[in-house]
Each structure stands twice: as structure tokens, then as C-alpha cells.
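Engineer: One structure follows; several queries about it will come next.
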Amino acid sequence: MKTKSMSINDVLSELQLFSDRVLTLEEPVNLNDIKDFENRFGLQLPNDYKELLKRFNGIDLVGKSVYGVGKKSAFYVIRRRIPL
């Protein structure tokens, strides 16, 4: 069976169909916040993930999280508690 490839826009549109009771979408960040994060941690984030962050800086769907970047993100809070 051949699977259809979805764009990041398709995925985000599908996510927005979920109820607020099972899905939390965080406020977006701008490109400067993303670049600051990459520079601070010496990372190069994938373009699809950057597009996600520019729409939603983190997602929680029934307890499964995709962390965002910046000082309001869970990754930042965890990083401050546990030095890498």
C-alpha cells in the first residue's frame, strides 16, 4: 500500500480539528527566536520544525508533547534544571 506524503500545512490543518480538551497549541515564535535557540544550543533545526514553531511554539496532544523553543517553552525550563 502506498502512503500519501503530507506537507507540514496539511498536518497542522489536521491538528486544528482536535478538541481543545485533547490538544494544546502554544503561541508562535518568530524567526529571530528560532535563530537564537539554534545559536544558543549549537543546533540546526529542520525546516519543517521551524515552520511548525512559526505557527505553534509547542504542541501537546493527549499527553504527547512536541516542545517549542524560547524562554516560555518546556525545553527551556527542562534545560535550566538539567544542564546538558
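Each reported figure results from applying straightforward, stated rules to the coordinates on display, with no laboratory input. The structure presented is a predicted model; accordingly, all values stated were derived computationally and were not measured.
Engineer: What ³J(HN,Hα) values, in whole Hz, does the Karplus curve 6.51 cos²θ - 1.76 cosθ + 1.60 give for the range 54-68 when θ = phi - 60°, with x put for Gly and Pro?
Structural biologist: Once θ is set to phi - 60°, the couplings for the range 54-68 become 6, 9, 9, 7, x, 9, 10, 10, 6, x, 9, 10, 10, 6, x Hz.
Engineer: Sticking with this structure for a sec: Expressed as a rounded percentage, what relative contact order does the range 8-81 have, with Cα pairs under 8 Å and six or more residues apart? It would help to have the intermediate numbers written out before the result.
Structural biologist: Working: 81 pairs, mean separation 23.3, N = 74.
So the answer I get is 31 percent.
Engineer: Straight-line reach from LYS35: which aspartates and glutamates have a Cα under 14 Å away, not including same-chain ones fewer than 8 places off?
Structural biologist: Once the sequence-local aspartates and glutamates are set aside, what remains near LYS35 is GLU51.
Engineer: Here's another thing I want to ask about it. Please state, to two decimals, what the Cα-based radius of gyration of the range 1-72 comes to when divided by 2.2 N^0.38 Å (N = residues).
Structural biologist: Numbers: Rg = 13.4 Å, N = 72, 2.2 N^0.38 = 11.2 Å.
Rg over 2.2 N^0.38 Å, computed on Cα atoms: 1.20.
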